[in-house]
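This report refers to the structure that appears directly beneath it.
Since every read-out is calculated from the coordinates, none of them should be taken as a lab result. Being a predicted model, the structure only gives us computed values, none of them experimental. Cβ: placed from backbone, ideal geometry, glycine included. Neighbour counts: every protein chain shown.
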Amino acid sequence: MVSATHRAVLSSGPVPGLQQNVDRAELIAAFAAVNWTWEQGVSAVLWTDSAYVVTGLAAILDAGSAVEHDTNEDLWGDITERLLVMPAGSFRVQHVASHRDPALQESDFHAWTAQWNGWADRQARRALRSLPAAFLECQKALEESFFASERLVDLFCAFHLDFAQQNVPHNDIEGSIDDGESLQPPALQRPIVAGGDWIDGLPLAWHAQWQQSDWSRVFPLAVLQRMVDWLQNERVSAVDSHSISWLELTAMLEVTNFVHPVLTSDGAQNFWEDPFRISAHLHRPLTVAARIRFLRDLFRALDGCFELDIPFVNKLNLASFKIHPPQNGIIMLLSSSTMRAGANLLSSFTLHRPIRTSNDLARPL
């Protein structure tokens with residue numbers, strides 16, 4: 001963290017713990033800024049290129065109370081405690097674009113933000129290069145020990161989940177995957193189930209009915225229309241329906257180039273907006289956790305508005321993807337090619353970092 005007023009590095013150091021990602025590093029820097037402002041008893045503005053930090057801090061400052069966060073709950077809790085005891089208006093946060101050349105900016109203000117943002121980035125890289133070799137070796141040894149232990153836990157959980165699945169009756173199973181497909185990605189090894197044709201239950205006038213519902217504010221018609229079109233296209237190519245987790249569905253949408261909506265806010269409520277209808281500078285990478293929340297909330301809204309009796313499912317075993325604990329999801333008609341491509345992407349996503357907690361989903365797909 002650097003000060004544009006004092007021209008000094010106010011806080012610097014490695015990210016503690018095994019959880020090493022950009023969002024957590026940015027959040028630690030933000031906490032340092034909040035803590036410094038509180039200790040000095042001054043007013044400050046945090047300028048950051050992290051949309052993750054800006055969105056979270058703005059939510060706390062606007063609400064004036066604790067806000068639920070999907071990831072890094074420990075750090076958000078510490079930040080919230082500091083912000084809520086500080087005088088109103090003493091701390092503010094502003095988003096700036098990253099990696100800009102100050103000489104190419106259109107105004108002195110933008111040149112100023114570009115200059116200090118670039119300097120902060122350089123200081124961070126310098127601090128990273130200055131870490132002693134002993135620290136890096138220790139960190140590497142801890143990671144290897146942690147992941148070795150995690151692999152054993154994965155195997156242990158997979159054994160128990162498979163055993164439980166073998167002893168639970170499945171009344172809706174119509175058949176099973178042929179042995180010839182045993183080498184396919186894990187998502188294709190599930191039993192075929194009934195109930196995936198619920199999309200046919202949409203009424204003829206569903207557009208008007210949706211626009212009259214309260215959900216149309218959170219999910220505009222253009223957003224829902226894109227999802228319905230995707231479901232209809234999959235239905236045409238599908239042979240059977242399967243139980244699919246929200247996490248898998250997130251990967252499937254990504255590999256089929258689904259245009260994902262953008263999460264925005266009007267200060268009082270968060271909502272999803274068509275990316276073609278808002279300025280490009282408001283677009284920001286979505287974490288997997290945010291994508292899952294979008295799917296879960298959208299399909300539950302769809303079910304509630306049109307009474308489609310969508311078959312939601314719980315406790316899907318995704319241990320073969322290095323994902324624990326069991327995941328929730330939905331039954332739907334999907335083409336084999338989409339399932340296979342989604343499984344490949346999800347396997348790559350978890351290859352070096354298994355998913356064990358919500359914090360493991362705090363990264364883009």
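Annotation: amide H of Phe91 within the under-5 Å range of Ala44, sequence separation 5 or more or interchain, hydrogens built in the peptide plane. Given the options Leu253, Leu136, Leu334, which has the most mean-square fluctuation in a GNM of the chain, springs set between C-alpha atoms less than 10 angstrom apart? Of Leu253, Leu136, Leu334, the Gaussian network model singles out Leu136 as fluctuating most.
Computing FRET efficiency as 1/(1 + (r/R0)^6) for Gln225 and Ala63, where r is the C-beta to C-beta distance and R0 is 35 Å, gives about 0.65. Computed from the C-beta positions of Leu84 and Ile278 and an R0 of 25 Å, the FRET efficiency is 0.20 to the nearest 0.05.
Model label points for Asp200 and Ala103, set 7 angstrom from Cα along the Cα-to-Cβ axis, are 6.6 nm apart. Computing semi-axes √(5λ) of the Cα gyration tensor in Å directly from the structure and comparing it against [x] 35, 24, 19; [y] 41, 28, 18; [z] 43, 34, 19 singles out [y]. Each of the GluC sites (Glu not before Pro) that DSSP puts in a loop and that has at most 15 other Cβ atoms within 10 Å breaks the chain; the longest unbroken stretch is 107-306. Exposure proxy shown here: for Ser107, Ser243, Ser98, the number of other Cβ atoms within 10 Å sets the order, fewest to most, as Ser107, Ser98, Ser243.
Gyration tensor over the Cα atoms of the range 2-131: the corresponding equivalent ellipsoid has semi-axes (square roots of 5 times the eigenvalues, largest first) of 23, 19, 14 Å.
Roughly speaking, what is the stretch gain from Ala32 to Thr256, that is 0.36 nm per residue apart minus the C-alpha to C-alpha distance, in nm to one decimal?
On the way: separation 224, 0.36 × 224 = 80.64 nm, distance 4.06 nm.
Full extension of this stretch gives 76.6 nm more.
For the pair Arg122 and Val42, a Förster radius of 30 Å applied to the C-beta separation gives a FRET efficiency near 0.75, rounded to the nearest 0.05. About its Cα centre, the dipole of the chain is roughly 1160 debye, where the only charges are +1 on Lys and Arg Cβ and -1 on Asp and Glu Cβ. Comparing Cys305, Cys157, Cys138 in a Gaussian network model of the chain (Cα springs below 10 Å), the most mobile by mean-square fluctuation is Cys138.
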